[in-house]
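The block underneath contains the structure these notes are about, expressed in structure tokens.
The values are calculated or read from the model by the stated rules, or taken from the named source; none is laboratory data. Keep in mind that what you see is a predicted model, and the values were worked out from it rather than measured. No Cβ is skipped: glycine too gets one built from the backbone with ideal geometry, and neighbour counts run over all protein chains shown.
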Amino acid sequence: MAQLMNILHEPIFLKISCFYDCPKSLKHKTCSYASKGAKFQKYNGALLAMQGNGLAGHVVNSFNHKIYINNGEELNGIPHIQTLREFPREELCGKVVMVRFDSNILLKQEYNQKNQSDFNALFTIKYLHEAGANVILVSDWKTNTSELHTTSVAGILQIQVVPLQGISCNKLSEIKGFKKENIYLLENLNNIKYEVANCLKFARVLSSGVDIFVNDSFSNSHKVLASTVGVTRFCYACIAGFHFEEKLRFVKNLAEANKKPYVAIIGGGNLAEKAASFRFLSSRCQCFVFVGMMSFQIMHALGVPVPIDLVDRKAFSEALDIVRCARDNNVQILYPKDFWCRNKNDPKQLHVFPSHGLLDGWVPIDLGPVSLDEIGSMLTNCKKIIWIGPVKFADQSEHTNGASKLANILVQLSHGNCETTVVGTTACNLVRKQTSSLSSINMVENASVVWEFLKGRKLPGVMAVDRAYPFEIKWDNIYSDPTQSLVVDIGSGNGLFLLEMARRRKDLNFLGLEMNEKLVLRCLDSIQQFGIKNGHFIATNATSTFRSIISSYQGKLLLVSIQCPNPDFNKPEHRWRMLQRSLIEAVVDLLASGGKVFLQSDVKEVALRMKEQFMRYGKGKLVLEHGQFNDQSDWLDENPLGVRAWGAYVPNDVF
């Protein structure tokens, strides 16, 4: 270990070891074992065998299991993602940043900066521009007049926006008249079949020359598009903009059942397509209020007489399931008790009928006064409300205004102690007409995104964005001395290497980052059993979360090791996917002066690839210790850390 202490005080450099191509005379000398190696083997045996039934219990007793182990993806398939708010501002300067913006916001006729959604969409672009990024805008809109929309965006941003010919921003600096202070707008993606097909080749062209991708089009997050999903494969960092972050927060908040009574007001139709959402809602809400065409299917399932032309027989089974699910979860169902109806033969003739007494020749067009009074009375004591879907029937009248009255009820409640979320373009527009103060109401214009979330489906646009570690780490609860220098092993596996290092070096703290949560649980259990105070493990994808985790550590980052990554040679596009530019730059940024990077693998191609990636994206801060690997003599003769990285699963002939 004396050699390790010496190298840790030299200038930053890169150590790489590959046991695949070492001289035969060195194959059994690559790892330096201490004299207590036999004891370590016994220790390993205890580690793997002593699982017991109380594994999780040991971990919970030592640490907060939820905080330090959970990977953040338990909330209905939505992970904790990397956002522009959390991304280092200095990393944006000079980078080419593509922003996928929501044309429904920036290209609409009336832009309202007092509207938080509008402001956040604008702020994403201005923030990037002011940080020194070369900003490229991309989106889709209904008209093909790019000049018109260039003028529209420029007017909103108060920055010169220059249209580009084509859908690629490659060689941006070679554009005639290129100016860093300008913002550039790519051609309209509307009606491009490769966009909706998420064509890989199209996505590569679209993202060519781009360093960082910012998704700020939450309304498309339920779709698999080349401009929201495909491009993320070719950009070294993919993050969410301020507008995207805000809307995702609103949607995730729907899953929180911390405030009760929690009521879901459900409008619209197509019950069969949305039935899966009610299992999610019934586990959180105390009442369902049906206000649209869907209400007739629920009434029919409850045995209330409904005119045959209002019943969707294909949705009857789903309606029965919703009623049973609500009953099993003690969820109250409230349906309209009366309707405004129009005479089919005399459209000017309107009349109110009770819901159980709808007559032939009359068409329901709106909620009746009794229904609105009952809904208003029931909502009075609510602490949380979601309204999703319009109060819309087969026909409508401008003289009844049931939807507007419902919107007014929610506005009044939101000014009190009721958390209100309104979903859907129609519902959001009605709320905006009722009040100019929207700070107390959460609004998500695209209902399709929310329905997909409520169904329990993963949102492709969200899943494509980089991950971030979702919890605050209390290092004082982990290490006896959180100010000691830190050694991080990325892809720590079964933890044998890190546990032995922690046992030998009490003056350093050790942290293993591993995606496999079961392995992390075993390692944490071993730390508890053996009383190790300077070692810890976190279940996470370090490629995305390394920066957010390590940046909060109090001491210096002394060494980062990446050992034995497991490439998938059956899928060439997945090879070495752990080692991406974003991870390398995060490592280099956070390493202390004189810090080290140690790489090794039993696969020669992997070791060479890792070396090349670190040298390419190391920002000129890394110095290779042993030449440039021109021949076998340039490989490290032995592992300078003195502890073998592999367990018994590695074949002996590898060494």
Item to check | Those residues of the range 276-310 which are surrounded by fewer than 19 Cβ atoms within 10 Å (Cβ to Cβ) and among the small types (Gly, Ala, Ser), in sequence order | outcome: ALA276, SER283, GLY303
Checklist entry - Out of all the residues in the range 465-475, is one or more buried (at least 17 other Cβ atoms within 10 Å of the Cβ), among the hydroxyl-bearing types (Ser, Thr, Tyr) and in contact with a helix residue (DSSP H, G or I) (Cβ under 9 Å, 6 or more places away or on another chain)? => result yes
Checklist entry - Restricted to the range 384-394, and to residues that are modelled with pLDDT under 95 and of a type outside the set (A, V, I, L, M), which residue is farthest from THR425 (Cα to Cα)? => result PHE393
Checklist entry - Do you know which of the residues in the range 229-248 that are under 27 Å from THR425 (Cβ atoms) and among the aromatic types (Phe, Trp, Tyr) is surrounded by the fewest Cβ atoms within 10 Å (Cβ to Cβ)? => result PHE242
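Identify, from the list VAL323, VAL363, VAL331, the residue that is modelled with pLDDT of 90 or more, aliphatic (A, V, I, L, M) and touching an Asp or Glu at 6+ places or on another chain (Cβ under 7 Å).
On the way: VAL323 fails: touching an Asp or Glu at 6+ places or on another chain (Cβ under 7 Å); VAL331 fails: touching an Asp or Glu at 6+ places or on another chain (Cβ under 7 Å).
Step by step, each of VAL323, VAL363, VAL331 is checked, and only VAL363 is modelled with pLDDT of 90 or more, aliphatic (A, V, I, L, M) and touching an Asp or Glu at 6+ places or on another chain (Cβ under 7 Å).
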Checklist entry - Which ranges mark the strands (runs of 3 or more DSSP E) fully within the range 338-400 that have 2 or more residues being assigned by TED's automatic domain parsing to the domain that holds GLY269, crowded, with 21+ Cβ neighbours inside 10 Å and within 42 Å of the chain's Cα centre (by Cα)? => result 362-367, 384-388
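Tell me, yes or no, whether the range 406-416 has at least one residue that is assigned by TED's automatic domain parsing to the domain that holds ALA301 and at pLDDT below 90.
Filtering the range 406-416 down to residues assigned by TED's automatic domain parsing to the domain that holds ALA301 leaves 406-416.
If we keep only those that are at pLDDT below 90 as well, we get 415-416.
Checking the range 406-416: at least one residue is assigned by TED's automatic domain parsing to the domain that holds ALA301 and at pLDDT below 90.
Take the conditions surrounded by fewer than 17 Cβ atoms within 10 Å (Cβ to Cβ), more than 18 Å from THR543 (Cα to Cα) and either free of Cβ contacts under 8 Å to residues at least 40 places away in the same chain or not hydrophobic (A, V, I, L, M, F, W, C) (or both) and apply them to GLU625. Does it pass? Reasoning before the result, please.
Values: surrounded by fewer than 17 Cβ atoms within 10 Å (Cβ to Cβ): yes; more than 18 Å from THR543 (Cα to Cα): yes; either free of Cβ contacts under 8 Å to residues at least 40 places away in the same chain or not hydrophobic (A, V, I, L, M, F, W, C) (or both): yes.
Yes.
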Item to check | Scan of the range 590-615 for residues that are part of a helix (DSSP H, G or I) and either closer than 16 Å to LEU641 by Cβ or not assigned by TED's automatic domain parsing to the domain that holds LEU557 (or both), ordered by number | outcome: ALA607
Checklist outcome for this item: Among the residues of the range 246-271, the number that are out of contact with any Asp or Glu (no Cβ under 9 Å at 6 or more places or on another chain) and part of a helix (DSSP H, G or I) is 6
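Within the range 492-505, is even one residue of a type in the set (Ser, Thr, Tyr), in the same structural domain as LEU557 (by TED's automatic domain parsing) and under 20 Å from ASN541 (Cβ atoms)? Even if it seems obvious, please write down each step before you answer.
Narrowing the range 492-505 to residues of a type in the set (Ser, Thr, Tyr): 492.
Next, from what is left, pick out any that are in the same structural domain as LEU557 (by TED's automatic domain parsing): 492.
From what's left, under 20 Å from ASN541 (Cβ atoms): 492.
There is at least one residue in the range 492-505 that is of a type in the set (Ser, Thr, Tyr), in the same structural domain as LEU557 (by TED's automatic domain parsing) and under 20 Å from ASN541 (Cβ atoms).
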Checklist outcome for this item: Within the range 589-620, residues within 21 Å of LEU557 (Cβ to Cβ), of a type in the set (Lys, Arg) and surrounded by 15 or more Cβ atoms within 10 Å (Cβ to Cβ) come out as LYS596, LYS611
Checklist outcome for this item: Filtering the range 413-425 down to residues that are β-branched (Val, Ile, Thr) and crowded, with 19+ Cβ neighbours inside 10 Å yields THR420, THR421, VAL422, VAL423
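Of the residues in the range 415-429, how many are over 19 Å from PRO390 (Cα atoms) and among the polar types (S, T, N, Q)?
Of all residues in the range 415-429, those over 19 Å from PRO390 (Cα atoms) come to 415-419.
Filter once more, keeping what is among the polar types (S, T, N, Q): 417.
So the count comes out to 1.
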Checklist entry - Give me the pairs: first residue in the range 354-382 and in contact (Cβ under 8 Å) with a residue 24 or more places away in the chain, second residue basic (Lys, Arg) and in a strand (DSSP E or B), beta-carbon distance under 7 Å, and six or more apart or on different chains, which are they? => result VAL363/ARG342; ILE365/ARG342
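So which residues in the range 227-242 are part of a loop (DSSP other than H, G, I, E, B) and closer than 19 Å to ILE105 by Cα?
Within the range 227-242, SER227, THR228, GLY241 qualify.
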Checklist entry - Restricting the search to the range 97-132, which residues are modelled with pLDDT of 80 or more, among the small types (Gly, Ala, Ser) and under 23 Å from the mean Cα position of the chain (by Cα)? => result SER103, ALA121
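So is ILE322 crowded, with 17+ Cβ neighbours inside 10 Å and within 16 Å of THR421 (Cα to Cα) or not?
Numbers: crowded, with 17+ Cβ neighbours inside 10 Å: yes; within 16 Å of THR421 (Cα to Cα): no.
So ILE322 does not fit the description; no.
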Checklist entry - Among the residues of the range 272-288, which ones are basic (Lys, Arg) and assigned to a loop (DSSP other than H, G, I, E, B)? => result ARG284
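Looking only at the range 71-85, decide whether some residue is surrounded by fewer than 18 Cβ atoms within 10 Å (Cβ to Cβ), at pLDDT 80 or above and closer than 28 Å to THR232 by Cα. Show your work before the answer.
First, the residues of the range 71-85 that are surrounded by fewer than 18 Cβ atoms within 10 Å (Cβ to Cβ): 73-77, 85.
When the remaining residues are screened for being at pLDDT 80 or above, the result is 85.
From the residues that got through so far, the ones that are closer than 28 Å to THR232 by Cα too are 85.
Yes, the conditions are met somewhere in the range 71-85.
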Checklist entry - If VAL304 passes every condition in (1) of a type in the set (A, V, I, L, M); (2) assigned to a loop (DSSP other than H, G, I, E, B); (3) in contact with a Lys or Arg (Cβ under 8 Å, 6 or more places away or on another chain) but one, which one does it miss? => result (3)
Item to check | Selection within the range 208-226 - assigned to a loop (DSSP other than H, G, I, E, B) and within 19 Å of GLU445 (Cβ to Cβ) | outcome: SER217, SER221, HIS222, LYS223, LEU225
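So in the range 327-337, with the set limited to residues that are in contact with a Cys (Cβ under 9 Å, 6 or more places away or on another chain) and more than 14 Å from GLY292 (Cβ to Cβ), which one is surrounded by the most Cβ atoms within 10 Å (Cβ to Cβ)? Can you show your working first?
The first filter runs over the range 327-337 and keeps only residues in contact with a Cys (Cβ under 9 Å, 6 or more places away or on another chain), leaving 329, 331-334.
Add one more test, that the residue is more than 14 Å from GLY292 (Cβ to Cβ), and what stays is 329, 331-333.
Details: ASN329: 15, VAL331: 22, GLN332: 14, ILE333: 17.
Only one residue fits best here, namely VAL331.
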Checklist entry - So which residues in the range 351-360 are at pLDDT 90 or above and more than 15 Å from VAL304 (Cα to Cα), if there are any at all? => result HIS351, VAL352
Next on the checklist: What's the number of the only condition in (1) among the aliphatic types (A, V, I, L, M); (2) within 30 Å of the chain's Cα centre (by Cα); (3) modelled with pLDDT of 75 or more that VAL162 fails to meet?
Outcome noted: (2)
Next on the checklist: Taking the conditions exactly as written (under 24 Å from SER103 (Cα atoms) and at pLDDT 90 or above), does VAL224 satisfy them or not?
Outcome noted: yes
Checklist entry - In the set ASN190, ASN198, which member is without any contact (Cβ under 8 Å) to a residue 40 or more places away in the chain and in a loop (DSSP other than H, G, I, E, B)? => result ASN198
